[in-house]
Amino acid sequence: MKICVSSTGETLESEVDDEFGMCEYFIVIDPNTMEYKALLNEASHSPTGTGAMAAQFVANLGVDVVLTGFVGPHAKRILKEAGIKIVEGVEGSVRSAIERYVKIIKQTSNS
């Protein structure tokens, strides 16, 4: 599984950004190993269509899940069409967001 988190910075200690399309970075993580790549969100400085451009970029990364604060309607449609699960309302550090998500997944798969 590959998880993408909208982030304010380049590390796992960075905060989850509350706006998917406008975040500075996308952190793409393998939750089994916690190996990650920080990718600059070049769409964040675009005057229009930031959410849609960011969503297409993330969809092309082949991620399974996006963790973020909020995803706008155009970006949400693109991500859903790509088969990507969207989890909104996520806060805290990127590391803690991943750990919470993995814990929830394990609990639901064990029940």
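General observations
- Whenever a residue of the range 1-30 is under 19 Å from G49 (Cα atoms) and of a type in the set (A, V, I, L, M, F, W, C), its partners that are surrounded by fewer than 17 Cβ atoms within 10 Å (Cβ to Cβ) and modelled with pLDDT of 95 or more, lying with C-beta atoms within less than 6 angstrom and at least six residues away or across chains, give the pairs F26/L39.
- Selection status of G62, at pLDDT 95 or above and closer than 26 Å to K103 by Cα: yes
- Summed over the range 71-91, the residues that are touching an Asp or Glu at 6+ places or on another chain (Cβ under 7 Å) and either surrounded by fewer than 18 Cβ atoms within 10 Å (Cβ to Cβ) or at pLDDT below 95 (or both) give a count of 1.
- For A97: the one exception among (1) out of contact with any helix residue (DSSP H, G or I) (no Cβ under 9 Å at 6 or more places or on another chain); (2) at pLDDT 95 or above; (3) farther than 11 Å from I3 by Cα: (3)
- Flag for G83 being assigned to a loop (DSSP other than H, G, I, E, B) and either touching a strand residue (DSSP E or B) at 6+ places or on another chain (Cβ under 9 Å) or not hydrophobic (A, V, I, L, M, F, W, C) (or both): yes
- In the range 85-98, the residues that are closer than 15 Å to A38 by Cα reach residues that are acidic (D, E) with C-beta atoms within less than 8 angstrom, at least six apart or across chains, in these pairs: S93/E13; S93/E15; V94/E13; V94/E15; R95/E13.
The values are calculated or read from the model by the stated rules, or taken from the named source; none is laboratory data. Everything quoted here is computed from the prediction, not taken from an experiment. Neighbour counts run over all protein chains shown; Cβ positions are idealised from the backbone, glycine included.
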